[in-house]
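Beneath this line is the structure, given in structure tokens, with notes to follow.
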Amino acid sequence: MADNGKPKTELLDQLETGPWPSFVTEIKKAREGSPVCDDLLGQLELSYQEKKGHWKHGGIVGVLGYGGGVIGRYSDIPEQFPNVAHFHTIRVNQPSGWFYTSDAIRTLCDIWERHGSGLTNMHGSTGDIIFLGTRTNELEPTFKELTEAGFDLGGSGSSMRTPSCCLGQARCEWACYDSMKLCYDLTMAYQDELHRPPFPYKFKIKCAACPNDCVASIARADLSIIGTWKDDIQQDDAAVAAYAAGGLNIQKDVCDRCPTRCMDWDGATLTINNRECVRCMHCINAMPKALAPGKERGATILIGSKAPIVQGALLSSVLIPFIPADELLETVKELIGRVWEFWDEYGKNRERIGELIQRVGMANFLDAIGLDPAPEMISAPRDNPYVFFQTKSESNGN
Amino acid sequence: MPVFEVHGKQYEVDEDGFLENPEIWNEDVARDFATTEGVEGLTDGHWKVINYLRSYYLQYGIAPMIRKLCKETGFKLNEIYDMFPSGPAKGACKLAGLPKPTGCV
């Protein structure tokens, strides 16, 4: 113990010296009124000294009626750190686009100070509100208060994880579809799959309303729904000229950075060869007042990304190149039904959908879910195409 | 080691209340543990699930995947939650005396 009665945290203290916000600083701030903080820091300091984690893995706790939403966590040295003997995490389904009233946040924090450590993570990487640290006997009371306040638990384990989305049309003129509504509708449509884990492993859905993909759905969602447009980029020539007059080097900072070099700038006029545009958004991001996504808007559906756990990381690849915005919900639900059926039937325990597709091959997967191969499914032309040889043509004697 | 006391009996359990020695399981154990998982009265349906989990565990040493449990017992997942409100992993496996199922959360 240090002189002030607090545990010594010399290694953790170093984490406060960098230029970034520090969780150590935040946990120290929360010491007042929350006895778990000292034990939490104490146990972590010990872990750093010993280079050994002191959380046991794989607690199973929950609330009645739900198979997910609570992640059990126990200390393996409870005698030394009794206040974190139980340190369960509760996932709470966040509102679409993470919009709250200040009242809602106060309500959440008050509930958590009554029943848990008061420490939160806003938000976890799946998107949920994360309540960090409580005891088993506090789970049902917390859940009761949350539901009375209009909140519900999020997904965990082998469930459909809480869908998340960018803030879409609420704040952003580039939104090609209403990502917040789609996210909400999907959450409501699959309450069973969210709360009662039915799958071989987790399944994440993320809705990004334009190719900037602010929720990084292409890197971390099993099903990524990314807004796009089918027609030409909307262009305001006067505004382009104003950017040039304002000092933007259009040749160097816009045209030369276009991945397909589909733009020409002759010093007065910008010409875009829209056929070659790959919707990277760079030019639109560089000149937001001059350029905008086209008017025929919808979304591309991609499948299969994941972070490395059982196998390596994967990015999503295109499954359906374009769906008009107003047909999105219906099509996505139909598609999800077919994908889940296939995955349920053939997925091994703890095999993500992307891994299953790699194992059985894209051709077999497309065949099973009843989709025809399309050129857009190839990530780069003449580079790594999926090849569709049918048995018949192979045995032709050629 | 935590001890679960019920009807004058004592069971050694882990921190989540799962039976520490799965080999001492018998039908009375299932009845005794039912009280902790919100299960009131064990019906034929409960026993069908418990016996299936038990026999799968004895054969393979692990709990079956959810899908297999539903397929083999003929119950939909919702029906299993109706019988075992804390779910197949926490509720049904505990009554069947399986060690705590592991899985990534």
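Give a quick list of GluC sites (Glu not before Pro) in the stretch A:90-151 that DSSP marks as loop, anything other than H, G, I, E or B, with at most 16 other Cβ atoms within 10 Å. Display every interim value, and only then the final one.
Details: sites: A:Glu113, A:Glu138, A:Glu145, A:Glu148; in loops: none.
For GluC sites (Glu not before Pro) across the stretch A:90-151 that sit outside H, G, I, E and B with at most 16 neighbouring Cβ atoms in 10 Å, the list is empty.
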One finds the C-alpha centres of the stretch A:94-115 and the stretch A:166-205 to be spaced, in Å, by 20
Quick one: length gained pulling A:Asn285 to A:Tyr48 fully straight, 0.36 nm per residue minus the C-alpha distance? 81.1 nm
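Roughly to the nearest percent, how much of the accessible area of chain A is carbon and sulfur, given a 1.4 Å probe? Before the final figure, lay out the partial values.
Values: 9970 of 19800 Å².
Percent of accessible area from carbon and sulfur atoms in chain A: 50.
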Hey, what's the protein assembly as shown come to in accessible area per residue, 1.4 Å probe, Å²? 50
If all Cα-Cα distances of the stretch B:1-78 are sorted into 10 Å bins from 0 onward, what percent lands in each bin, rounded to whole numbers? 16, 46, 33, 5
Using the Kirkwood radius over Cα pairs of chain A, the Stokes-Einstein translational diffusion coefficient at 4 °C and 1.567 mPa s, in µm²/s and rounded to a whole number, is 54
Given the protein chains as shown and a 1.4 Å probe, how many square angstrom of B:Glu27 are accessible, to the nearest 10? 90
Computed over chain A: longest principal axis from alpha-carbon atoms vs helix A:36-50 long axis, angle to nearest 10 degrees, is 70
Under 16 Å from the A:Ser125 label point (7 Å along Cα→beta-carbon), backbone N, the stretch A:347-377: A:352
P(r) weight above 24 Å for the stretch A:1-108, C-alpha pairs, percent: 40
Mean separation of Cα contacts under 8 Å (at least 6 apart) over the residue count of the stretch B:3-95, i.e. the relative contact order in percent, is 28
Those trypsin sites (Lys or Arg not before Pro) in the stretch A:140-184 that DSSP places in a loop and that have at most 13 other beta carbons within 10 Å: A:Arg171
Based on the alpha carbon coordinates of the stretch A:151-224, what radius of gyration and maximum Cα-Cα distance (Dmax) apply, in Å? 12.5, 38
FRET efficiency for A:Ile378 and A:Asp253, Cβ-Cβ distance as r, R0 = 35 Å, nearest 0.05? 0.75
Accessible-area composition of the stretch B:3-95, carbon plus sulfur, in percent [1.4 Å probe]: 48
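Taking every pair of Cα atoms in the stretch A:92-137, average 1/r, invert it to obtain the Kirkwood radius, and report Rg/Rh to two decimals. Could you put the intermediate results ahead of the total?
Values: Rg = 10.7 Å, Rh = 11.1 Å.
The Rg/Rh ratio comes out at 0.97.
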Using the Cα gyration tensor of the stretch A:153-284, with a ≥ b ≥ c the square roots of its eigenvalues, what is the shape: rounded (a/c below 1.5), prolate (a/b larger than b/c) or oblate (neither)? prolate
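Please report the net charge: other residues with Cβ closer than 14 Å to the Cβ of A:Pro82, K and R +1, D and E -1.
Values: positive: A:Arg135; negative: A:Asp38, A:Asp39, A:Asp76, A:Glu79, B:Glu15.
Here the charged neighbours net out to -4.
Using helices alone, I'd like the mean residue ellipticity at 222 nm for chain A: each DSSP H run of four-plus residues gives -39500 (n - 2.57), total over residue count, nearest 500.
My calculation for chain A gives -9000 deg cm²/dmol from helical runs alone.
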For chain A, any Cys whose C-beta has no other cysteine C-beta under 4.7 angstrom counts as unpaired, and these are A:Cys37, A:Cys109, A:Cys172, A:Cys176, A:Cys210, A:Cys255, A:Cys258, A:Cys262, A:Cys277, A:Cys280, A:Cys283
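I need to check one value: relative contact order of chain A, counting alpha carbon pairs closer than 8 Å and at least 6 residues apart, in percent. Walk me through the numbers on the way to the answer.
Values: 728 pairs, mean separation 42.8, N = 398.
The normalised contact order for chain A reaches 11 percent.
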I want to make sure I understand the PRE zone here: with the label point 7 angstrom from the Cα of A:Asp237 toward its beta carbon, which residues in the stretch A:255-287 have backbone N atoms less than 20 Å away? A:255, A:262-275, A:284, A:287
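The values are calculated or read from the model by the stated rules, or taken from the named source; none is laboratory data. Every value quoted in this text rests on a predicted model; they were computed, and no experiment measured them. Note that each Cβ is placed from the backbone with ideal geometry, even for glycine, and that neighbours are counted across all protein chains shown. Quick note on the areas: whole protein, heavy atoms, side chains included, nothing else; ligands and nucleic acids left out. Shrake-Rupley method; radii C 1.70, N 1.55, O 1.52, S 1.80 Å.
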